[in-house]
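J.: The following block contains the structure, expressed as structure tokens.
The values are calculated or read from the model by the stated rules, or taken from the named source; none is laboratory data. Nothing here was measured: the structure is a model prediction, and the numbers come from that model. Glycine gets a Cβ as well: all are built from the backbone with ideal geometry, and neighbour counts include every protein chain shown.
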Amino acid sequence: MKDIKKYLAEFIGTFVLVFVACGVAGQTGGSLMETSAAFGLVIVAMAYSIGNISGCHINPAVSIAMLCAKKMTMKDFIGYVVAQFLGAIAGAGLLSAVVKDTAKLGTNALYNGDAVVSFIIEAVLTCIFVLAILGVTSKKEFGGAAGLVIGGALTLVHLLGINFTGTSVNPARSFGPALIAGNLSGIWVFLLAPLVGGILAAVLYGFLSSEN
């Protein structure tokens, strides 16, 4: 039952992220400040509501970093990722039903059609975001501020990434809206690049924090 609750929390968190934050992006045309703030504030809200249940990953890139850092099991990793993708699809589905326009689901797009540049941008931004998460969750004394730091970090990477790819740094967040919109063109970049960034962050943080 404990595992089910963790997976349900991840489903709910990712659902809220897509429904609210992607909804803001779609309704505002991807406005830099409004969209960045929406994604950051959703993370803050979810961190302080489901964080004590599942850790509030709501992002496969975060989960894979935690797996690499040996902070979660393979069983939980699979359960989290499945829940995150289902939550994103459900969030995008409800958003589509509400706005009745698949062009307003906050989907991502390749920067000038360039998959290589888009991949690099997404991998680097994800690495920065996940490094912040690994750092702020590494010590108990940081616990009270963790949600604010993580939300702030997501806002930060959106401020740069929106004008390039719309900012994914989250495979589930990209896949849900793209699937519901019926446009999976270039989706592999937004599925793979954040995972690479998450792994890179885990490797870098492991090296930097090692006593050897």
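J.: Answer yes or no as to whether L17 is under 22 Å from L160 (Cα atoms), modelled with pLDDT of 95 or more and crowded, with 19+ Cβ neighbours inside 10 Å.
T.: The answer is yes for L17.
J.: Considering (1) among the aliphatic types (A, V, I, L, M); (2) modelled with pLDDT of 95 or more; (3) more than 13 Å from the chain's Cα centre (by Cα); (4) closer than 23 Å to G182 by Cβ, say which one A103 fails and leave the rest.
T.: In the conditions (1) among the aliphatic types (A, V, I, L, M); (2) modelled with pLDDT of 95 or more; (3) more than 13 Å from the chain's Cα centre (by Cα); (4) closer than 23 Å to G182 by Cβ, A103 misses (2) alone.
J.: Of the conditions (1) assigned to a helix (DSSP H, G or I); (2) of a type in the set (A, V, I, L, M); (3) in contact with a Pro (Cβ under 9 Å, 6 or more places away or on another chain); (4) in contact (Cβ under 8 Å) with a residue 24 or more places away in the chain, I150 fails just one. Which one is it?
T.: Just one mismatch for I150, condition (3).
J.: I'd like to know if region 194-207 contains one or more residues that are over 23 Å from K71 (Cβ atoms), in contact with a helix residue (DSSP H, G or I) (Cβ under 7 Å, 6 or more places away or on another chain) and surrounded by 24 or more Cβ atoms within 10 Å (Cβ to Cβ).
T.: No, every residue in region 194-207 fails to be over 23 Å from K71 (Cβ atoms), in contact with a helix residue (DSSP H, G or I) (Cβ under 7 Å, 6 or more places away or on another chain) and surrounded by 24 or more Cβ atoms within 10 Å (Cβ to Cβ).
J.: Scan region 106-143 residue by residue and report those that are at pLDDT 95 or above and charged (D, E, K, R).
T.: D114, E122 - these are the residues of region 106-143 that are at pLDDT 95 or above and charged (D, E, K, R).
J.: If you don't mind, there's one more thing I want to ask. Being over 14 Å from A201 (Cα atoms), at pLDDT 95 or above, of a type in the set (V, I, T) and surrounded by fewer than 16 Cβ atoms within 10 Å (Cβ to Cβ) narrows it down to one of V82, V157, so name that one.
T.: On inspection, the qualifying residue turns out to be V82.
J.: Then there's this: Between residues in region 175-192 that are among the aromatic types (F, W, Y) and residues that are modelled with pLDDT of 95 or more and outside any helix (DSSP H, G or I), which pairs lie under 7 Å by C-beta distance while being six or more apart or on different chains?
T.: Within 7 Å, the pairs are F190/N108; F190/S168.
J.: Yes or no: region 85-106 includes at least one residue that is of a type outside the set (S, T, Y), outside any helix (DSSP H, G or I) and under 19 Å from F164 (Cα atoms).
T.: Within region 85-106, one or more residues are of a type outside the set (S, T, Y), outside any helix (DSSP H, G or I) and under 19 Å from F164 (Cα atoms).
J.: Just need a number here: residues in region 65-79 that are part of a helix (DSSP H, G or I) and either of a type in the set (V, I, T) or modelled with pLDDT under 95 (or both).
T.: Residues in region 65-79 being part of a helix (DSSP H, G or I) and either of a type in the set (V, I, T) or modelled with pLDDT under 95 (or both): 1 in total.
J.: Give the number of residues within region 119-141 that are part of a helix (DSSP H, G or I), under 27 Å from V44 (Cβ atoms) and not aliphatic (A, V, I, L, M).
T.: Looking only at that region, the number is 7.
J.: Please indicate, with yes or no, whether at least one residue in region 167-188 is in contact with a strand residue (DSSP E or B) (Cβ under 6 Å, 6 or more places away or on another chain) and part of a helix (DSSP H, G or I).
T.: No - not one qualifying residue is present in region 167-188.
J.: Just the residues that are among the polar types (S, T, N, Q) and either without any contact (Cβ under 8 Å) to a residue 12 or more places away in the chain or touching a strand residue (DSSP E or B) at 6+ places or on another chain (Cβ under 9 Å) (or both), please, taken from region 19-48.
T.: T28, S31 - these are the residues of region 19-48 that are among the polar types (S, T, N, Q) and either without any contact (Cβ under 8 Å) to a residue 12 or more places away in the chain or touching a strand residue (DSSP E or B) at 6+ places or on another chain (Cβ under 9 Å) (or both).
J.: Among the listed residues N183, N170, N212, identify the single one that is crowded, with 18+ Cβ neighbours inside 10 Å and of a type in the set (S, T, N, Q).
T.: None of the others qualify; the one that does is N170.
J.: So which residues in region 130-169 are among the polar types (S, T, N, Q) and farther than 20 Å from G29 by Cβ, if there are any at all?
T.: If the condition is that a residue be among the polar types (S, T, N, Q) and farther than 20 Å from G29 by Cβ, then T137, S138 are the ones that fit.
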